[in-house]
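**Q** Next up is a structure, given as structure tokens.
The values are calculated or read from the model by the stated rules, or taken from the named source; none is laboratory data. Model, not experiment: these values are computed from the prediction. All Cβ positions, glycine included, derive from the backbone under ideal geometry; neighbour counts span all protein chains shown. These accessible areas exclude ligands, DNA and RNA; they are computed on the full protein's heavy atoms, side chains included. Shrake-Rupley method; radii C 1.70, N 1.55, O 1.52, S 1.80 Å.
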Amino acid sequence: MADVTEINERIVAEADDRGGSLLVDEFLTLIEQYHSHERPGIAWATLEAYTEAMVGTDHGHSHDMEGVLDAVDERLTDGEYRTDAFYRVGDDRVSIYPASWHDALGGEIDLREYVSFLTNLDLDDENGAELGANGGGVPEQLLIEVAGIVGRADPETVKSRLEDLRERHELVEDADQHPNARVRLPENADNLRDSSIDS
């Protein structure tokens, strides 16, 4: 007999706060970030439980939850990373990120490993720029999200680890005022120089 999913009300509240603008990707990201699980991805039954919980919200938002399940199913793949896909990561489990990422980094807590992995991804299309490959650094929010989801850690814990590594100069980051500063390994920090100061 399958376990009954214990709903994390934070997920429901945050998803509901976004109202009609809630995207399928955002919904899955919230669940995978904050729903407690010991295996990669989230069980399909867990996703169904959250869609049912969303239907029961009383804030007047109209959430097409059946549409969410259909959209996830239509975009499921076993392939490598694309921005428009969701991934099978085991029997009846789905993730925002590919199984190969979970295989390579699952449970890893060292953010330097994530920066190295994401920087060195060999992507053939426009996803390379989005992920900050080719020495451009990894966008901070992406790093926090990937490390939280693949490493199954709370995003606040990941942020604390990042700050600690920055203070020890084991990771280097663009100026703090940048809305999505890029994070690099120290050996790649030469790219941090602002070209505007050379002009």
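**Q** Can you list residue pairs whose Cβ atoms sit under 6 Å apart, with the first residue in the range 156-174 being free of Cβ contacts under 8 Å to residues at least 40 places away in the same chain and the second being among the small types (Gly, Ala, Ser)? Count only pairs 6 or more apart in sequence or on different chains.
**A** Val172/Ala189; Glu173/Ala181; Asp174/Ala181
**Q** Then there's this: I'm trying to understand the selection: among the residues of the range 90-117, which are out of contact with any Pro (no Cβ under 8 Å at 6 or more places or on another chain) and assigned to a helix (DSSP H, G or I)? Walk me through how you get there before you give the answer.
**A** So the first thing to find is which residues in the range 90-117 are out of contact with any Pro (no Cβ under 8 Å at 6 or more places or on another chain), and the list is 91-92, 94, 96-98, 100-101, 103-105, 107-117.
Of everything in the range 90-117, those that are out of contact with any Pro (no Cβ under 8 Å at 6 or more places or on another chain) and assigned to a helix (DSSP H, G or I) turn out to be Ser100, Trp101, Asp103, Ala104, Leu105, Leu111, Arg112, Glu113, Tyr114, Val115, Ser116, Phe117.
**Q** Which of the residues belonging to the range 64-89 are open to solvent by less than 40 Å² (accessible area, probe 1.4 Å) and part of a loop (DSSP other than H, G, I, E, B)? Steps first, answer last, please.
**A** Of all residues in the range 64-89, those open to solvent by less than 40 Å² (accessible area, probe 1.4 Å) come to 65, 67-69, 71-72, 76-77, 79, 81, 85-87, 89.
Answer for the range 64-89, where residues must be open to solvent by less than 40 Å² (accessible area, probe 1.4 Å) and part of a loop (DSSP other than H, G, I, E, B): Gly79, Tyr81, Ala85, Val89.
**Q** Somewhere in the range 162-174, is a residue assigned to a loop (DSSP other than H, G, I, E, B), modelled with pLDDT under 90 and either exposed (fewer than 15 other Cβ atoms within 10 Å of the Cβ) or of a type outside the set (D, E, K, R) (or both)? Quick ask: steps written out before the conclusion?
**A** First, the residues of the range 162-174 that are assigned to a loop (DSSP other than H, G, I, E, B): 168-171, 174.
Now narrow it down to the ones that are modelled with pLDDT under 90: 174.
Now drop any that are not either exposed (fewer than 15 other Cβ atoms within 10 Å of the Cβ) or of a type outside the set (D, E, K, R) (or both), which leaves none.
Checked the range 162-174: no residue is assigned to a loop (DSSP other than H, G, I, E, B), modelled with pLDDT under 90 and either exposed (fewer than 15 other Cβ atoms within 10 Å of the Cβ) or of a type outside the set (D, E, K, R) (or both).
**Q** On the given criteria, is Asp92 within 16 Å of the chain's Cα centre (by Cα), under 24 Å from His35 (Cα atoms) and modelled with pLDDT under 95? I'd like the intermediate steps shown before the answer.
**A** Details: within 16 Å of the chain's Cα centre (by Cα): no; under 24 Å from His35 (Cα atoms): yes; modelled with pLDDT under 95: yes.
The answer is no for Asp92.
**Q** Hey, does the range 178-191 have a residue that's on the phi < 0 side of the Ramachandran plot, in a helix (DSSP H, G or I), in contact with a Gly (Cβ under 7 Å, 6 or more places away or on another chain) and modelled with pLDDT of 90 or more?
**A** Residues of the range 178-191 that are on the phi < 0 side of the Ramachandran plot, as a first pass: 178-191.
Keeping just the survivors that are in a helix (DSSP H, G or I) gives 186-191.
Checking which are in contact with a Gly (Cβ under 7 Å, 6 or more places away or on another chain) leaves us with 188, 191.
Of the ones still in play, those that are also modelled with pLDDT of 90 or more are none.
Looking for residues that are on the phi < 0 side of the Ramachandran plot, in a helix (DSSP H, G or I), in contact with a Gly (Cβ under 7 Å, 6 or more places away or on another chain) and modelled with pLDDT of 90 or more, one finds none in the range 178-191, hence no.
**Q** Tell me which residues, restricted to the range 112-157, are surrounded by 14 or more Cβ atoms within 10 Å (Cβ to Cβ), of a type outside the set (Gly, Ala, Ser) and either modelled with pLDDT under 70 or touching a Ser or Thr at 6+ places or on another chain (Cβ under 9 Å) (or both).
**A** Leu123, Asn127, Leu131, Asn134, Val138, Glu145, Ile149, Val150, Arg152
**Q** Collect the residues in the range 18-56 that are free of Cβ contacts under 8 Å to residues at least 12 places away in the same chain and either in a strand (DSSP E or B) or under 26 Å from Thr83 (Cα atoms) (or both), keeping them in residue-number order.
**A** Arg18, Ser21, Leu23, Glu26
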